[in-house]
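> Take this structure, written in structure tokens, and hold onto it; I'll ask about it next.
Coordinate-derived values only; no laboratory data. Quantities reported herein were computed from a predicted structural model and do not represent experimental measurements. Using ideal geometry, Cβ is built from the backbone for each residue, glycine included, and neighbour counts are taken over all protein chains shown.
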Amino acid sequence: MKRGGILVGLLAALLLGQPAPDGGRYPSPVDLALSPDGARLYVVCEGTDEVAVVDLATSSVIRRVGVGHVPRGIAVSADGKWIYVTNAWADTVTEIDARSLAATRTLSTGFEPSGLTVDARGQVLYVANRISNDVSVIDLRTGSEIKRLAAGRGASYVAASGSRIYVTHIYPNLGKFRTESESEITEIDADRQVVDARPRLHNVAGTFHVALSRDGRLGIAAQLRPKNLIPLAHVAHGWAFGDSLAVFGADVGGVVQLPLDELERYFSLPFGVAIAPDKSKAYLTASGSGEVAILDLKRLVAASRAPERDALVNDLSVSGRYVLARVPVGRNPRSIVLSNDGARLYVANRLDDTISVMDTAANRIVATIGLGGLPIVTPQRRGERLFYSSNFSFQGQFGCANCHLDSTFDGLQWDLEPDGFGVDIVDNRSIEDVANTAPFKWNGGNPDLFTECGPRTERFFFRSQGFRDADLADLITYVASIPLRPNRYRAATGELTPAQERGKAIFERERRKDGSSIPEENRCSFCHSGKYHTNQKLADVGTGKPTDRSPLIDTPHLTNVALSAPYLHDGSAKTLEEIWTVFNPKDTHGVSNDLAKDELNDLIEYLKTL
Amino acid sequence: MGFAALALGAAFSATGGNSEAGLNYVFTETTRYEPKAWLEGRDRFPSGATLKLVLGETRRALAPGFSASADAAVSDDGSRVLFAGKQTPSDHWQVWEIDIRGGPARPITHCDADCIRPLYLPTNEIVYTRDSSSIEIAGKPLTFAPGRYLTDDVLRDGRILFEADRGTQRRELFTVYPDGSGVEALRCDHGSDRGEARQIGSGDSIFHSGNRLARFTSASAVETEVAQPEGTVIGPIAEVSPGVWLVSLRGRAGHLGLFRWNAAQRQTVPLEASGVQPVIVATRTPPRQFPSALVASRTAGNLLCLNSRISRTPMDGAAVRTVRVYAPEGRLGETTVESDGSFYIQVPADRPLRIELADAAGQTVRAEQGWFWMRPSEQRVCVGCHTGPERAPENRVPAILLKTIVPVKMLEVQQP
């Protein structure tokens, strides 16, 4: 501890002579890449919209290259000449000349580009787009997107091996109400630029980084198995989440899921993955636990090939077969990258603004590289650290960020009600820009964020000592500050398309198509009014279920509603359209039964702009 | 005595604890300790017991004036000690608290039976064992089934670790939340007679298994080996630093000596000529508080089993058709098990309960050996029938909850 503190102090002093990041913001490193010669580490800093270039000989930041808003992923061409960075909130990729470190081009992508890779010939860029659920195929000669390949929901991370591209997804695919979540690994044949396979990940919600061995025969993806279909009556015994990995490839034969948790110690929110060049070990980060796990690959493959392999993922005593050690690193560790010889592992500690350097022979942290940033830790930043920490739940199993992935949602419906089982099923919703939308909880039971995040969370979710006093205040400060992602369906000018205009007219209409008046309280714009499109009041709109204890629903805000399917308080409507075509037979949730299909489409087009 | 300047382990901070000059600890000075005497209602210290406090090179009686004192537990700030004491030989054991610096002891309990083995909870409450028949906090029981109980430790996750004999003449380790809910075996490998458990800095629990020390580690569902000193270890260990423990060893002549045991060096250094129950005096991070969700005014709890047809031990799960619940006075009810093995029942709170699975002919497929209990408004869930704590649930809506959200009530003993 002490040694670590001294190191950080020394490195902070070293940083005094280095380029400073944008004042007033934290770098928040999320992704890493090495130059092919291993001399430089490129660090994507999502908080300061830049790439920090670290000279590994001196462990110092030598340049900061400005990129687009909220950069998320990075890839380096095989020849090391070009660096590509996704700008998640700008829907672009910044191309950087690795020699001059100058941004040379800005390439357009789908919505919220995240992970990316360059094909082996350095001619094509594959970019996973989280919101548009697809992969942009960009011709690097022209800089144009030449194809858009459909991926799973929340396409976010990419790895390449020869002519195979593997894409993983932060959200589960939309499925039937209250059925097991399904994710996939989207496999792309880069020679033909087509999706070649979609191996299923059953009962998996979020999948994060994916890595392939150098020989391409073994793949590992970090994943989260939610337990959202059973009542959260307690947390012990992996009752809330299964932190795990998907192992796939020729070495395994198919896809096998294996656990990372133990009986009383969880490896919360696995995120980054790296495989040693000699295929002896794999490394994973736990972004909630603040650790790196070191896995013996021979043992991991043996478990993946065991006759009982399909039954292992729910056995908390299995990880001891292949997890050699868990090494503490910084707060909210995200991506990791190994040096070419595998001797050093670099870990991006997002909420410490540092890079941990691990000696992989000794399995210990030997240096910590500071990335600069605000010299003080603000209440908002403290709150963000709490939000992403799993230390407050029983045995460290999960934190706020498990359900609100990257401060959004998880696409799941949960059985959380403490007083009964199968009661009051709740759809998890996005928490961007929610500060002024009280009350909270689907039935409006929590008047403010302190109630929402305080004792209730401690008693019924975490089942352990949760956020209190100053911690709770910091957490609320952070939650209230979570910004709103740009709306992709609304023109920058605010001008609406003809379809959106027609939809707006339907949203605001006061009369049915037959000319009869719609009662005020049954107009869309009555309940969904104001800046956030909620009057912040309860209403019975006929969407309650027999398992709900009350038919009254808190009018939800509609901000960025297009992103957070499924819909209704319990997630029973798979699409916006189903809200009216399936769940509004008596026109109790607004008047919609006189609308034609085209008119509903227009209404949806308008709602997407909110 | 050869005190060394010992580094403090992860479990203990360097402030307020052991000085550079030596080791700070409390132990029970006694010539005879019978760790299982409580199972038979006998005194564990038939030849007397006196707590001694060792602060570096100084030592003194912790609670002078007491006829007997034992079972020390040090507060997380290292400033106070709980102990079981008798002011006169004819008194019952009671729980007392005293400052490390000295001064008068403060009575915590006024039991009409022996109250022993006190432990601090992070809420400033004190849990202890009453008459070997229940575990209590401030006179309110946490245990509601027949058997013998003895508090061992408070785990860092907030659970109370205890040993119990539930009628098998063999001790096993259990945990319970501080509100009495969620009682369960720490592991389900059910090996030798287990007791005298303490959690160490790594999170492992070290305990006696038969006549040897053994370990439960988080990664394993079964007990694992522990390097141990020559001789017979008696009573609980105390961790000084990783791999360095204070242990009590029984010598050939039958007397108890307290030693510092270094597992890596396989070295045993004598500390005290006759002593057991060592406890390090140091500050340490308090365990996590457990926020109870119980509603005291309720009289029943709900139990949901996801799949009663699976077990970690051989069972003809496919034959299971019904589940029966018993109280000591008789059967509380019987209901159908769903096609996926799930069932959902409501049972009376704070009473001994036992579950039995039966086939289509009414023949018993599996019957629980011991009793368990549920607390008022407790919402309890289990993966299967004795699946063990290593089994995480499969994520699937139980068939019973697709059929109904109302539990089958089994609240009164049925008349034959």
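> How many partner chain Cβ atoms sit within 10 Å of a residue's Cβ in peptide A:260-266, on average, as a whole number?
So the per-residue partner count for this stretch is 6.
> Need one value for B:395-405: mean number of C-beta atoms belonging to other chains within 10 Å of its residues' C-beta atoms.
6
> Could you rank the peptides A:515-528, B:246-259 by their average count of other C-beta atoms within 10 Å per residue, with the highest value first?
B:246-259, A:515-528
> Normalised by the number of residues in the range A:381-481, what is the relative contact order in percent for Cα pairs under 8 Å and 6+ residues apart?
32
> Also, I was wondering about something else. Mind putting a number on the dipole of the range B:22-175 about its Cα centre? Charges go on the C-beta only, +1 for Lys and Arg and -1 for Asp and Glu, and I need it in Debye to the nearest 20.
200
> Quick one: if the Förster radius is 41 Å, what FRET efficiency do B:D112 and B:R80 give, using the C-beta to C-beta distance and rounding to 0.05?
Given R0 = 41 Å and the Cβ-Cβ separation, E is 0.95.
> Calculate the FRET efficiency for A:A250 and A:A78 from the Cβ-Cβ distance with a Förster distance of 35 Å, rounded to the nearest 0.05.
My answer for the efficiency is 0.95.
> If packing is taken as the average count of other Cβ atoms within 10 Å, what order do B:199-206, A:290-297 fall into, highest mean first?
By packing density, highest mean first, the sequence is A:290-297, B:199-206.
> Where in the range A:129-207 are there trypsin sites (Lys or Arg not before Pro) that are in a DSSP coil and have at most 12 other Cβ atoms within 10 angstrom of their Cβ?
Answer in residue order: A:R141, A:K176, A:R192.
> For chain A, what does the relative contact order come out to in percent, with C-alpha contacts under 8 Å and a separation of six or more?
9
> Can you pull out the cysteines in chain B that have no other Cys Cβ under 4.7 Å?
Cysteines lacking a close Cβ partner in chain B: B:C188, B:C305, B:C382, B:C385.
> Per residue of A:459-466, how many C-beta atoms from partner chains lie within 10 Å of its own C-beta, taken as a mean?
Mean partner shielding for this stretch: 5.
> Within the range A:566-610, name every residue whose backbone N is under 19 Å away from a label modeled 7 Å from Cα of A:R512 along the Cβ vector.
Within reach of a label on A:R512, which here means backbone N under 19 Å from a point 7 Å along Cα→Cβ, the range A:566-610 contributes A:580-600.
> Here's something else I'd like to know. In nm, to one decimal, how far is the A:V582 label point from the B:D359 one, both placed 7 Å along Cα→Cβ?
Between A:V582 and B:D359, the label points sit 4.3 nm apart.
> With runs of 4+ DSSP H residues as the only contributors, calculate the mean residue ellipticity of the protein assembly as shown at 222 nm using -39,500 (n - 2.57) per run, divided by the residue total and rounded to the nearest 500.
Computed mean residue ellipticity for the protein assembly as shown: -2500 deg cm²/dmol.
> Work out how much length B:Q414 to B:A227 would gain on full extension: take 0.36 nm times their residue separation and subtract the Cα-Cα distance, in nm to one decimal.
62.0 nm
> Which residues in the range B:371-398 have a backbone N closer than 20 Å to a point placed 7 Å from the Cα of B:V295 along the Cα-to-Cβ line?
Zone members listed by number: B:374-381.
> Tell me, A:E384, A:E46, A:E432, A:E495 in order of fewest to most beta-carbon neighbours within 10 Å?
Least crowded to most crowded, the residues run A:E495, A:E432, A:E46, A:E384.
> Let me ask another. Suppose every Lys and Arg Cβ carries +1 and every Asp and Glu Cβ carries -1, with no other charges. What dipole size does the protein assembly as shown come out with about its Cα centre, to the nearest 20 debye?
Once rounded to the nearest 20, the dipole reads 1300 debye.
> On to the next question. Note down the relative contact order for chain B as a percent, whole number, built from C-alpha pairs under 8 angstrom at least six residues apart.
14
> Now, a different point. About its Cα centre, what dipole magnitude does chain B give when the only charges are +1 on Lys and Arg Cβ and -1 on Asp and Glu Cβ, stated in debye to the nearest 20?
120
> Give the calculated FRET efficiency between A:T104 and A:A362 to the nearest 0.05, with a Förster radius of 45 Å applied to their Cβ-Cβ distance.
0.65
> Let me ask something else about it. Place +1 on the Cβ of every Lys and Arg and -1 on the Cβ of every Asp and Glu in the range A:119-209, take the dipole about the Cα centre, and give the residue among A:A128, A:H209, A:I170 whose Cα lies farthest towards its positive end.
Going by the Cα projections, it comes out as A:I170.
> From the square roots a ≥ b ≥ c of the eigenvalues of the alpha-carbon gyration tensor of the range B:24-280, which class results: rounded (a/c under 1.5), prolate (a/b over b/c), or oblate?
Here the range B:24-280 falls in the rounded category.
> Sticking with the crude label model, points 7 Å out along Cα→Cβ, report the distance from A:D471 to A:A438 in nm, one decimal please.
Label-label distance for A:D471 and A:A438, simple model: 2.3 nm.
> Near the amide H of A:D196, under 5 Å away, which other amide H atoms are found, from residues 5 or more places off or on another chain, if H is placed in the peptide plane?
For A:D196, whose amide H was placed from the backbone, the distant partners under 5 Å are A:E187, A:I188, A:D189.
> If you don't mind, there's one more thing I want to ask. Evaluate the Debye formula for the range A:377-529 with equal point scatterers sitting on the alpha carbons, no solvent, and hand back log10 of I(q)/I(0) at q = 0.11, 0.12, 0.14 Å⁻¹, in q order, two decimals.
Ignoring solvent entirely, the Cα scatterers give -0.59, -0.67, -0.83.
> Put +1 on the Cβ of every Lys and Arg and -1 on every Asp and Glu Cβ in the protein assembly as shown; which of B:P398, A:I518, A:A102 then has its Cα farthest towards the positive end of the dipole?
Comparing the listed Cα positions along the dipole, A:A102 ranks first.
> Another one. Summing Lys, Arg as +1 and Asp, Glu as -1, what charge do residues with Cβ under 15 Å from the Cβ of A:A103 carry, A:A103 excluded?
Charge balance in the 15 Å sphere: +1.
> Could you tell me whether the range B:277-316 comes out rounded, prolate or oblate from its Cα gyration tensor? Rule is a ≥ b ≥ c as square roots of the eigenvalues, rounded for a/c under 1.5, then prolate if a/b exceeds b/c, otherwise oblate.
Here the range B:277-316 falls in the oblate category.
> Roughly speaking, what is the stretch gain from A:K298 to A:N522, that is 0.36 nm per residue apart minus the C-alpha to C-alpha distance, in nm to one decimal?
Result: 74.3 nm gained on full extension.
> Next question. Taking a threshold of 29 Å on the Cα-Cα distance, which of the pairs A:K441/A:K531; A:K81/A:K279; B:K36/B:K409; A:K545/A:K608; A:K545/A:K597; A:K176/A:K281 fall above it?
With Cα atoms farther than 29 Å apart: B:K36/B:K409; A:K176/A:K281.
> Can you tell me the Rg and the Dmax, both Å, for the Cα atoms in the protein assembly as shown?
In Å, with Rg to one decimal and Dmax whole: 30.7, 104.
> Sticking with this structure for a sec: Under 1.5 on a/c is rounded, so check that first for the range A:214-291, then, if it is not, pick prolate when a/b is larger than b/c and oblate when it is not; a ≥ b ≥ c are the square roots of the alpha carbon gyration tensor eigenvalues.
Taking the square roots of the gyration eigenvalues as a ≥ b ≥ c, the range A:214-291 is prolate.
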